[in-house]
Amino acid sequence: MRSLLALLIVTLALATPCYCEKGIKITKEVANAFVKRQKRSTLYERYFEYYKSPMEQMHERCENYPPCDYLSDQIGFSMAYNHFFGRY
């Protein structure tokens, strides 16, 4: 019985704004805070979005291998990478 009463109260609370004359109004500034356009970028910036640097590729390789990831937290990335994958 309590759950039915709680459900009825929640339903009424949610339906109340629908019956108001003004309804829900959102200003342009608030709406723009939620929806952001993608900024235009140069060809140089687009290149670096798609292609990663060799160091970033090594970091990802170490992160995807759990023993290397664990050891990098203990002794540092470069020593852990050298231990598991050899010299970079």
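The values are calculated or read from the model by the stated rules, or taken from the named source; none is laboratory data. Quick caveat: nothing in here was measured; it's all calculated off a predicted structure. Neighbour counts are summed over all protein chains in view; Cβ atoms, including those assigned to glycine, are modelled from backbone coordinates with ideal geometry.
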Checklist entry - Here are 52, 25: which of them is assigned to a loop (DSSP other than H, G, I, E, B), surrounded by 10 or more Cβ atoms within 10 Å (Cβ to Cβ) and modelled with pLDDT of 70 or more? => result 52
Checklist outcome for this item: Selection from segment 59-69 of residues surrounded by 12 or more Cβ atoms within 10 Å (Cβ to Cβ) and more than 22 Å from the chain's Cα centre (by Cα) yields 65, 68
